[in-house]
Amino acid sequence: MSKTPIAVLISGRGSNMEALIEACADPGYPARIALVLSNNPEAPGLETARRAGLAVHAIDHRPFARDRAAHEAAVDAALQQAGAEIVCLAGYMRVLTPFLVSRWAGRMLNIHPSLLPAYPGLDTHARALASGDSHHGCTVHLVTDGVDEGPVLAQARVDILPDDTAETLAGRVLAEEHRLYPEALATFLRDRNPHDVAP
């Protein structure tokens, strides 16, 4: 089985990246990580990726000031050079412009800590608690121009407990993220490349 080369974009510790690294280590998993890229040269996840023997690259957004397109052009060039076919956002804390989104349309995935379309953006756990919801969760979706508005690929749900705080709820959702993201990526790739299915 051929493995599709993917790039993982992070800004911090990259716990979802770690879940993808673990999944990709399975010979039967349909992806391999060709590059881990961050907009933050100090992102702890870069060292995690290095220890896993992966190619890493940091393109600090700060020298580009407000020129998001120029920063994204540099990111895109690095993705192309690495030979990535799919991009997985894993805690990449940048709002993307139409330039990068259009370049990777249909080939860029993100994981978001809510059951979209509920609670796009930030502070999802606190917002779910404030609304009195009975359940919460996470979503893997394709990236489009609208923030957290792309087509949903998969979701996982958790119950909200009476004594939950934003922190306790976040911990349970994160555990589901680590399970869901590799599963959703594998399904996406196998649907995209039906001839590359493990025996």
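Which one of His125, His135 is crowded, with 21+ Cβ neighbours inside 10 Å, modelled with pLDDT of 95 or more and either within 23 Å of Thr4 (Cα to Cα) or of a type outside the set (Phe, Trp, Tyr) (or both)?
After ruling out the rest, the residue left standing is His125.
Applying the selection to region 45-70, what residues are outside any loop (DSSP other than H, G, I, E, B), farther than 30 Å from Ser2 by Cα and not aromatic (Phe, Trp, Tyr)?
Arg62, Pro63, Arg68, Ala69, Ala70
Where residues in region 144-177 are under 14 Å from the mean Cα position of the chain (by Cα) and part of a helix (DSSP H, G or I), which of them is farthest from Leu96 (Cα to Cα)?
Glu176
Can you tell me which of (1) outside any helix (DSSP H, G or I); (2) in contact with a strand residue (DSSP E or B) (Cβ under 9 Å, 6 or more places away or on another chain); (3) among the aliphatic types (A, V, I, L, M) is the one Val95 doesn't meet?
If we test Val95 against (1) outside any helix (DSSP H, G or I); (2) in contact with a strand residue (DSSP E or B) (Cβ under 9 Å, 6 or more places away or on another chain); (3) among the aliphatic types (A, V, I, L, M), just (2) comes out false.
Name the single residue, out of those in region 1-18 being surrounded by 21 or more Cβ atoms within 10 Å (Cβ to Cβ) and not in a strand (DSSP E or B), that is farthest from the chain's Cα centre (by Cα).
My answer is Gly14.
Looking for something without any contact (Cβ under 8 Å) to a residue 12 or more places away in the chain and under 18 Å from Pro182 (Cα atoms) - is there at least one such residue anywhere in region 110-119?
no
Here is a list of conditions, (1) over 22 Å from Met93 (Cα atoms); (2) part of a loop (DSSP other than H, G, I, E, B), and Arg32 meets all of them except one; can you say which number that is?
(2)
Which condition number does Cys88 fail, the rest of (1) touching a helix residue (DSSP H, G or I) at 6+ places or on another chain (Cβ under 6 Å); (2) in a strand (DSSP E or B) being met?
(1)
Could you please tell me which pairs satisfy a Cβ distance under 6 Å, a separation of 6+ or placement on different chains, a first residue in region 165-186 that is closer than 22 Å to Ala130 by Cα, and a second residue that is in a helix (DSSP H, G or I)?
From residues that are closer than 22 Å to Ala130 by Cα, the pairs are Ala166/His125; Ala166/Ala126; Leu169/His125; Ala170/His125; Glu177/Asn16.
What's the total number of residues in region 144-194 that are surrounded by 15 or more Cβ atoms within 10 Å (Cβ to Cβ) and among the polar types (S, T, N, Q)?
Of the residues in that region, 2 qualify.
Say whether the condition of being among the hydroxyl-bearing types (Ser, Thr, Tyr), surrounded by fewer than 21 Cβ atoms within 10 Å (Cβ to Cβ) and either farther than 28 Å from Glu22 by Cα or at pLDDT 95 or above (or both) is met by at least one residue in region 90-108. Before the answer, list the steps.
Of all residues in region 90-108, those among the hydroxyl-bearing types (Ser, Thr, Tyr) come to 92, 97, 102.
Now restrict to residues that are surrounded by fewer than 21 Cβ atoms within 10 Å (Cβ to Cβ): 97, 102.
Checking the rest, the ones that are also either farther than 28 Å from Glu22 by Cα or at pLDDT 95 or above (or both) come to 97, 102.
Checked against the condition, which is being among the hydroxyl-bearing types (Ser, Thr, Tyr), surrounded by fewer than 21 Cβ atoms within 10 Å (Cβ to Cβ) and either farther than 28 Å from Glu22 by Cα or at pLDDT 95 or above (or both), region 90-108 yields at least one hit.
The values are calculated or read from the model by the stated rules, or taken from the named source; none is laboratory data. What you are looking at is a predicted structure, and each value in this text was computed from that prediction instead of being measured. All Cβ positions, even for glycine, are placed from backbone atoms using ideal geometry, and neighbour counts span all protein chains on display.
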